[in-house]
Amino acid sequence: MSKKHVEKSTQSRVVPGDKIAVIEEFLPDETCFEQDGSILSMTTGEVSPDLKKHKITVKPIKRVLQLRRGDTGVGNVVYVKKQIASVDIHRINNREVPLPINSILHVSEASRRFVKNMYEVTRPGDWLKFKIVRTMKPVYISLIGDDLGVVIAQCNHCGHDLVFFRPNALKCQNCNLIQNRVTAKSFGKLVTSFTRTSQNETR
Ligand SMILES: [Zn+2]
């Protein structure tokens, strides 16, 4: 790839307010606007000039994530009912999701062993490792699989961090209450690598 080409492709990605051309060269469309003789982008995207027609447009960058069955991810539990939990997906295949995707965990997908209700599986605020079982809306996730389950949890009673007690049971370091969860093998190991540094880790 030539140097000229590299420069051109770096400049072609713009954010709102970036200058993309001058008014003598191109006619702006609805994705950009004119200011003091310059054409500025109104959106985040790739600049696409039509040299023949002297028109310029910014093609928005698609931020839609393609989910696939079997993809693994990390999500935060929003609420829990007897049969289901609502989970916001924050990561898929180790990549941060630009906008969290809502998903449903059904109690039948919570564990290989029999669990009576979702309160034995997870609680609001927990972080889970899961796999995708349905990609269409509503997205469904499952905890059945290698190293899937709760990875971070807080005490139901006092809100303190829970620590591993034995598989599927966690203990509060503050009030000593032992609580049921469907735990992942890597319980506790994602605390620092995910929730605390996810903001800048993938940049
Ligand atoms: Zn506690």
*Residue-averaged [θ]222 nm for the chain, counting only DSSP H segments that reach four residues, each worth -39500 (n - 2.57)*: -1500 deg cm²/dmol
*What is the gain in length, in nm to one decimal, between Y79 and N93 on full extension, counting 0.36 nm per residue of separation less the C-alpha to C-alpha distance?*
2.7 nm
*Report, to two decimal places, the Cα Rg of segment 94-192 normalised by 2.2 N^0.38 Å (N = number of residues).*
1.07
_Listed peptides 130-136, 113-119 by packing density, highest first (mean Cβ within 10 Å)_ = 130-136, 113-119
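Measure up K137/K171; K82/K129; K131/K189; K19/K52; K59/K129 against 24 Å on the Cα-Cα distance and list the ones that go over. Don't skip to the answer; put the middle values down first.
Values: K137/K171 35 Å; K82/K129 20 Å; K131/K189 18 Å; K19/K52 20 Å; K59/K129 34 Å.
As for pairs spanning more than 24 Å Cα to Cα, those are K137/K171; K59/K129.
Figure the gain on full extension for T44 and I61 (residue separation times 0.36 nm, minus the Cα-Cα span) and round it to one decimal in nm. Can you show the working numbers first?
Values: separation 17, 0.36 × 17 = 6.12 nm, distance 0.65 nm.
Length gained between T44 and I61: 5.5 nm.
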*Just grab the label-to-label distance for E25 and N176, each label 7 Å out from Cα along the Cβ direction, in nm (one decimal).*
7.3
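Can you give the Rg to Rh ratio of the chain, both from alpha-carbon atoms, with Rh computed by the Kirkwood formula? Walk me through the intermediate numbers first.
Working: Rg = 23.5 Å, Rh = 19.8 Å.
Answer for the chain: 1.19.
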_Dipole-positive endmost among V77, H160, N180 within the chain (Cβ charges, Cα centre)_ = N180
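Can you give the charge dipole size of the chain about its Cα centre, rounded to the nearest 20 debye, using +1 on the beta carbon of Lys and Arg and -1 on the beta carbon of Asp and Glu?
On the way: 32 positive and 20 negative charges, 225 e Å.
For this selection, approximately 1080 debye.
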*asked:* Compute a Gaussian network model of the chain, connecting alpha carbons closer than 10 Å, and tell me which residue from P100, P167, P16 fluctuates the most.
replied: P16
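Can you give the Rg to Rh ratio of segment 13-60, both from alpha-carbon atoms, with Rh computed by the Kirkwood formula?
Numbers: Rg = 9.2 Å, Rh = 10.1 Å.
My calculation of the ratio gives 0.91.
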*Amide H of C32: which non-local residues (sequence gap of 5 or more, or other chain) have their own amide H closer than 5 Å, using H built in the peptide plane?*
M42
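No lab work stands behind these numbers, since they all come straight from the coordinates. Quick caveat, the model's predicted, so the values are computed rather than measured. No Cβ is skipped: glycine too gets one built from the backbone with ideal geometry, and neighbour counts run over all protein chains shown.
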